[in-house]
1. Given (1) aromatic (Phe, Trp, Tyr); (2) farther than 13 Å from Tyr495 by Cβ; (3) at pLDDT 90 or above, identify the lone condition not met by Tyr451.
2. Looking at the stretch 63-91 only, could you name the residues that are of a type in the set (Gly, Ala, Ser) and either in contact with a Cys (Cβ under 7 Å, 6 or more places away or on another chain) or not in a loop (DSSP other than H, G, I, E, B) (or both)?
3. How about the stretch 489-507: which of its residues are closer than 20 Å to Ile377 by Cα, in contact with a helix residue (DSSP H, G or I) (Cβ under 7 Å, 6 or more places away or on another chain) and not hydroxyl-bearing (Ser, Thr, Tyr)?
4. Looking at (1) on the phi < 0 side of the Ramachandran plot; (2) in contact with a Leu (Cβ under 9 Å, 6 or more places away or on another chain); (3) in contact (Cβ under 8 Å) with a residue 60 or more places away in the chain, which one does Gly173 not meet, given that it meets all the others?
5. Out of all the residues in the stretch 417-438, which are touching a strand residue (DSSP E or B) at 6+ places or on another chain (Cβ under 8 Å) and acidic (Asp, Glu)?
6. So, of the residues in the stretch 213-237 that are out of contact with any Phe, Trp or Tyr (no Cβ under 9 Å at 6 or more places or on another chain) and crowded, with 21+ Cβ neighbours inside 10 Å, which turns out to be farthest from Gly257 (Cα to Cα)?
7. Among the residues of the stretch 129-148, which ones are open to solvent by 60 Å² or more (accessible area, probe 1.4 Å) and assigned to a helix (DSSP H, G or I)?
Amino acid sequence: MSDRLIIFDTTLRDGEQSPGASMTKDEKLRIAKQLERLKVDVIEAGFAASSNGDFEAVRAIALAIKDSTVCSLARANERDIARAAEALKGGASGRIHLFLATSALHMEKKLRMTPDQVFEQAKASVAFARNLSADVEFSPEDGYRSDPDFLCRVLEAVIAAGATTINVPDTVGYAVPELYGNFILNLRQRIPNADKAIWSVHCHNDLGMAVANSLAGVKLGGARQVECTINGLGERAGNCALEEVVMAVKTRKDYFGLDVNIDTTQIMASSRLVAQTTGFVVQPNKAVVGANAFAHASGIHQDGVLKARDTYEIMRAQDVGWAANKIVLGKLSGRNAFKQRLSELGIDLSTEAEVNAAFAKFKELADRKSDIFDEDILALVMDDSVTSEQEFYRLVSLSQHSETGERPESTVTFAAGAHEHTVSSQGNGPVDASLKAIESELQTGVELLLYSVNAITSGSTESQGEVTVRLQLGGRVVNGIGADPDIVVASAKAYLSALNKLHCKNERVAAQG
């Protein structure tokens, strides 16, 4: 077996299945380029057959990425497989990832197929895919809850048909580490041609054990690929967290004995980019990337760390990209210096118009805020008014009045297409009044599922506020993000950002691997 662990990132596919986490093509491309800087081995860019939008995103990523393999998910049928192959065509390195359920529950209730039908379809679809790509991965959906005898039969057949990677998903997060690791080992020992494929694990976090299960699949089961997401993003309780797996393997190389290709200094940049793009904020006590991951409040701990860092820290903050990097840019800074910092942050604005818009917003912010941090720059380019691929609604101006004992009132001017609207409303607070003003004009009927405010940078009352708004309409759930030193303005931006996503009616078909 190889002594290198392959890191397969599915943030752009399985991570995007989190309600409200769907991304535009430009957002996906930006994250994919950051994953390439992180030196991820395989980037699952999306599910090409699910929508025209996802097809275009996979194709754009496949053409742009040179140093990672780009993968598209596909159901085990010829239409999906051909669509995936078409999206990946022309890329430096591509993989088709097929999935088909093999558990008795899924076959009977979801697929309405017999085991023999599933067996034949799995075998035929892998053979078809192998004619289109030399790199084919097969996932038996709900594999961990499948009958081992039937699973062995299917996996032996798909390896014989040309599958180069076999992934065993714990689709519903039911596994526990020892049992899951032994389950993988049992499959590998029983299947005669198991050595002809790389074995992979894909674990969900419903019981909080996705990382532990994945590592057990590696250590006990002999898997050499882990499927994971940045920040553990994913539907329900999320997926296995890339940053935790990577740092566990690197920190405990004495136990795992494996190497990973990841540039760990890019972990924090990746985490921040995904969090700010999707609006899924990282909890402070999250391992590796949480704000408190390297913080010490206890006097005993502080004293120990000051004397010798490794008394209470098993990793260096700098190794995962936590080293403070405050940029020395302000209102006197030039455009070239700003462009250079964008490049260092992994931000690639495709047109001069986008760079100019971002620079203008940077100068505006510099007039209002003395210290500019990397997080502030990221927030600027996440703003839909800078990268307005599908912008329909746009905030023009906002004024609000509130005082003790008086009902707050807000007047909002916003653009809807080519037309501007100015509306006023009262509310329980200035934020409530502002959002009610917008809704009174548009009357969308959306349901507000989440309103969240976070400081983009810590330690100062002049920090930009980042607001996340989650809306639901007709079964669609979207996140909108807005950033501004004024929380009320940030809230209006976030609300309009979410409405922009609802305005874009690209349909998606959810898939689970």
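The values are calculated or read from the model by the stated rules, or taken from the named source; none is laboratory data. Every value quoted in this text rests on a predicted model; they were computed, and no experiment measured them. All Cβ positions, even for glycine, are placed from backbone atoms using ideal geometry, and neighbour counts span all protein chains on display. SASA here: full protein model, heavy atoms, side chains in, ligands and nucleic acids out. Shrake-Rupley method; radii C 1.70, N 1.55, O 1.52, S 1.80 Å.
1. Single failed check for Tyr451: (2).
2. Within the stretch 63-91, Ala64, Ser72, Ala74, Ala82, Ala84, Ala85, Ala87 meet the criteria.
3. Ala492 - this is the single residue of the stretch 489-507 that is closer than 20 Å to Ile377 by Cα, in contact with a helix residue (DSSP H, G or I) (Cβ under 7 Å, 6 or more places away or on another chain) and not hydroxyl-bearing (Ser, Thr, Tyr).
4. (1)
5. If the condition is that a residue be touching a strand residue (DSSP E or B) at 6+ places or on another chain (Cβ under 8 Å) and acidic (Asp, Glu), then Glu420 is the only one that fits.
6. Step by step, filter the stretch 213-237, then rank; the result is Gly234.
7. Of the residues in the stretch 129-148, the ones open to solvent by 60 Å² or more (accessible area, probe 1.4 Å) are 130-132, 134, 145, 147.
Matches in the stretch 129-148: Arg130, Arg145.
Quick grid of which residues meet (1) assigned to a strand (DSSP E or B); (2) under 18 Å from Asn479 (Cα atoms):
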site: Val396; (1), (2): yes, no
site: Glu406; (1), (2): no, no
site: Val412; (1), (2): yes, no
site: Ala415; (1), (2): yes, no
site: Glu420; (1), (2): yes, no
site: Val423; (1), (2): yes, no
site: Ala437; (1), (2): no, no
site: Leu450; (1), (2): yes, yes
